[in-house]
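The structure appears below as structure tokens.
The values are calculated or read from the model by the stated rules, or taken from the named source; none is laboratory data. This structure is a prediction, so every number in the text was calculated from the model and none was measured. For neighbour counting, all protein chains shown are included, and Cβ atoms are generated from backbone atoms with ideal geometry for every residue, glycine included.
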Amino acid sequence: MAVDYKHELQSLFELILSEKASDIHFSVGSHPIIRVAGRLMPLLKKPILTESDVTAFAKVLMRPDQFERLDRREEIDFSYETSQLLRFRGNAFFQRGKKSIALRLIPNVIKSFEELNLPPILESFTQRPQGFFLCVGPVGHGKSTTLAAMVNRINETRSEHIMTIEDPIEYVYVEQKSLIDQREVGLDTPSFQSALNAAFRQDVDVILVGEMRNTETIATAVTAAETGHLVYSTLHTNDAAQTISRIIDSFPGDQQDQIRVQLSSSLIAIFSQRLVPHITGGLVPAYELLINNTAVSNLIRENRIHEIPSIIETGLEHGMIDMNRSLAKLVQNGDITVENAFTFSVNPKGLERLI
């Protein structure tokens, strides 16, 4: 009897919702696997997937042109929306010569700062007329969700033209006070770079760049922040100091002085976050916040990036947040275990003094 793969996907998506899972994986030779509260769980009641199963799922999930690219051994980012308006961000790839698929559920309701347990100070970075705000951290730690909350707060409170450039589009916004255009790389524009350049001619106020993948995109994003736009973006870095170093080091040596000067004046803040298992289940954010003030700006311009962590540690009165203090507070409030606090700390010795 032939398998109805669209129906089978629907039943798996219903299971994801009931189990409050964030991700599902399809790999040849394994049961489908879901991720719940950070832990992988194989669906042992579902059959082990064959190569034809994964190929059939890919055909349901992807456009024909995307599937053709996958067949040419290209990795493909894509999005998929069900008839129940569930949205997934997907990536299809080959491993050991066989197709695999990873899907992440994108909630259809954009949560507020309060619902996400994010610090209220993020509200202030939605009211700036221009500048460069970065949300950083490892893959899967809520960067896109945080930026969606920020963009939606602008949508709720300000009359602005917002442009998102994503690969693929994740959260879909319902226009309130703002005009919102959402462009998907590969579908609506050939590249992040092309869409960013075009935004200068589209009367845009706020730009969300889903990811800064190359030097050209970073350079254009920084220029946009300098020329009257509020720019949000992400990087896969561990903390604020590493983020600044990564940006500067991505440029050739003869251009690094220029980007340091541009970044020192255009940067608003860098928010680094981790999702840590909560004692009662689920995940709770721990975070670091660097706010660009005169001292920070001087350190960037003078290439003294290594001094930034100490500025954050002593910058509480300026609204800065130290990751270790954030983790220690979660431990003291009974939200996370001491063991997990040390697991997620980038400076365990510093954390010892606070716990």
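Contact map, segment 310-323: first residue in the same structural domain as N292 (by TED's automatic domain parsing) and touching a residue at least 40 places away in the same chain (Cβ under 8 Å), second residue assigned to a helix (DSSP H, G or I) and surrounded by fewer than 21 Cβ atoms within 10 Å (Cβ to Cβ), Cβ cut-off under 7 Å, separation 6 or more or different chains; pairs are G319/I121.
Residue check: is A224 surrounded by fewer than 22 Cβ atoms within 10 Å (Cβ to Cβ) and in the same structural domain as F132 (by TED's automatic domain parsing)?
Against the criterion (surrounded by fewer than 22 Cβ atoms within 10 Å (Cβ to Cβ) and in the same structural domain as F132 (by TED's automatic domain parsing)), A224 does not qualify.
Which ranges mark the helices (runs of 4 or more DSSP H) fully within segment 132-241 that have 2 or more residues being closer than 25 Å to P285 by Cβ, of a type in the set (K, R) and within 18 Å of the chain's Cα centre (by Cα)?
143-157
I'd like to know if segment 248-260 contains one or more residues that are in contact with a His (Cβ under 9 Å, 6 or more places away or on another chain) and small (G, A, S). The answer is no, given that none of the residues of segment 248-260 is in contact with a His (Cβ under 9 Å, 6 or more places away or on another chain) and small (G, A, S). The residue that is surrounded by the fewest Cβ atoms within 10 Å (Cβ to Cβ), among those in segment 152-164 that are touching a helix residue (DSSP H, G or I) at 6+ places or on another chain (Cβ under 8 Å) and under 23 Å from P107 (Cα atoms), is T157.
Looking only at segment 120-130, which residues are closer than 11 Å to A269 by Cβ and in contact with a Phe, Trp or Tyr (Cβ under 8 Å, 6 or more places away or on another chain)? Within segment 120-130, L122, F125 meet the criteria. Return the residues of segment 321-355 that are surrounded by fewer than 14 Cβ atoms within 10 Å (Cβ to Cβ), modelled with pLDDT of 95 or more and not in a loop (DSSP other than H, G, I, E, B); say none if nothing qualifies. Those that are surrounded by fewer than 14 Cβ atoms within 10 Å (Cβ to Cβ), modelled with pLDDT of 95 or more and not in a loop (DSSP other than H, G, I, E, B): Q332, V338, E339. When we screen E288, E307, E313 for residues that are over 22 Å from L118 (Cα atoms) and not aromatic (F, W, Y), the only hit is E307. Taken over segment 24-69, the criterion of being touching a residue at least 60 places away in the same chain (Cβ under 8 Å) and within 23 Å of L275 (Cβ to Cβ) is satisfied by I24, H25, A37, G38. Selection within segment 243-277: residues that are assigned to a helix (DSSP H, G or I) and touching a strand residue (DSSP E or B) at 6+ places or on another chain (Cβ under 8 Å). The member of this set that is surrounded by the fewest Cβ atoms within 10 Å (Cβ to Cβ) is R246. Checked against the criterion of being aliphatic (A, V, I, L, M) and within 30 Å of E51 (Cα to Cα), segment 130-144 has at least one qualifying residue. Might you let me know whether segment 144-159 holds any residue that is at pLDDT 95 or above and touching a Cys at 6+ places or on another chain (Cβ under 7 Å)? So far as segment 144-159 goes, yes, one or more of its residues are at pLDDT 95 or above and touching a Cys at 6+ places or on another chain (Cβ under 7 Å). When segment 44-60 is filtered for residues that are surrounded by fewer than 19 Cβ atoms within 10 Å (Cβ to Cβ) and in a loop (DSSP other than H, G, I, E, B), the ones remaining, listed by number, are L44, K45, K46, P47, I48, T50. Of the residues contained in segment 292-299, none is found to be assigned by TED's automatic domain parsing to the domain that holds H236, among the aliphatic types (A, V, I, L, M), touching a residue at least 40 places away in the same chain (Cβ under 8 Å) and at negative phi.
Scan segment 134-148 residue by residue and report those that are crowded, with 22+ Cβ neighbours inside 10 Å and among the small types (G, A, S). Show your work before the answer.
The initial filter retains those residues of segment 134-148 that are crowded, with 22+ Cβ neighbours inside 10 Å, namely 134-137, 141, 143, 146-148.
G137, A148, listed by residue number.
Being of a type in the set (V, I, T) and over 19 Å from R104 (Cα atoms) is the filter; apply it to segment 165-192 and report the residue that is surrounded by the fewest Cβ atoms within 10 Å (Cβ to Cβ). Top of the filtered list is V174.
Between L86, L17, the distinction of being within 30 Å of F344 (Cβ to Cβ), exposed (fewer than 15 other Cβ atoms within 10 Å of the Cβ) and not assigned by TED's automatic domain parsing to the domain that holds V172 belongs to L17 only.
Looking only at residues in segment 11-43 that are in a helix (DSSP H, G or I), of a type outside the set (V, I, T) and touching a strand residue (DSSP E or B) at 6+ places or on another chain (Cβ under 7 Å), the one that is nearest to V284 (Cα to Cα) is E19.
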